[in-house]
1. Check each of the GluC sites (Glu not before Pro) in segment 1-88 and keep only those in coil by DSSP with at most 10 other C-beta atoms within 10 angstrom; list them in order.
2. Using alpha carbons only, what's the Rg to Rh ratio of segment 154-216 with Rh from Kirkwood?
3. What do you get for the angle between helix 96-112 and the principal long axis of the chain? Use alpha-carbon atoms, 0 to 90 degrees, nearest ten.
4. Ignoring ligands, DNA and RNA, how do R183, R3, R68 rank by accessible area with a 1.4 Å probe, largest first?
5. Enter the Cα centre distance for the pair segment 77-97 and segment 177-216, rounded to the nearest angstrom.
6. Give me the Kirkwood hydrodynamic radius of segment 1-110, using the inverse of the mean 1/r over all pairs of distinct Cα atoms, in Å to one decimal.
7. Once the convex hull of the C-alpha atoms of the chain is built, how many Å³ does it hold per residue, rounded to a whole number?
8. Using only alpha carbon pairs under 8 Å that are at least six residues apart, calculate the relative contact order of the chain and give it in whole percent.
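The values are calculated or read from the model by the stated rules, or taken from the named source; none is laboratory data. What you see is a predicted model; the values in this text were computed from it and never measured. Note that we place each Cβ from the backbone using ideal geometry, even for glycine, and neighbour counts take in every protein chain shown. Accessible surface is based on the protein model in full, side chains and every heavy atom, while ligands, DNA and RNA are left aside. Shrake-Rupley method; radii C 1.70, N 1.55, O 1.52, S 1.80 Å.
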Amino acid sequence: GYRLLASITNPTELYKEQLRVGENILAFLASVSMSLIQPSDRASVELDVKKIWDGGASPGHWRDITGRCCKVLSTYKDHPLAASIVALNINAERRGLGLAAKKIITAKNDFKHDRGPKTEEEFITAAKDLQETLQACIKALAFFTEYPIRQVVDQDVARSGEVVLRCLALVGDHPGLPQEEVRYDKLLHKRDLYIDAGSVGWVPLFPLLVAPSCRR
């Protein structure tokens, strides 16, 4: 959705969509962070997910979830993806992704409570500032290009015993996703998403991240 922002010319509509994209970025990061937590460590995160879900997760919730997960992820050794997320230092509000997250949270709260821009000129200025914030987010999260996310669509077992996975690579913003054939050491769940965490192996993202087909 980030690239599609360039096609919106109305500043009011652009600003609303920018807020949505910003929240989605924070939700994505939090969801991956939760997925990386080992089952035996989930209690130590001290996260009441049901309470957040029942009340409706806000951008602030997503940031706090990532921050809580990072306390545990920082203890993981030889886990480059976890280390990269921890290095974002999302709770530091004066620089980097932490500053960008703070700006997104403030903008979304202000807009929700009618404290945001109201005139066309104000929307133009606010959209320009928010676009720079989103660009800072994309730059900070560029390391995710090193960890492909794939959806398993089919699989078979070769005579050698290896599992041959036929996957869709979730890259770009076009519904025609590139197909890949990857050999793995075990069977996986069809239609689920997995992130290739390098030496750690493929980490399942279900049920926090799924890939439904858009009928439009």
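1. Those satisfying the criteria are E46.
2. Rg divided by Rh gives 0.98.
3. 60 degrees
4. Output order, biggest surface exposure first: R3, R183, R68.
5. 23 Å
6. 14.9 Å
7. Roughly 140 Å³ of hull volume per residue.
8. Result for the chain is 19 percent.
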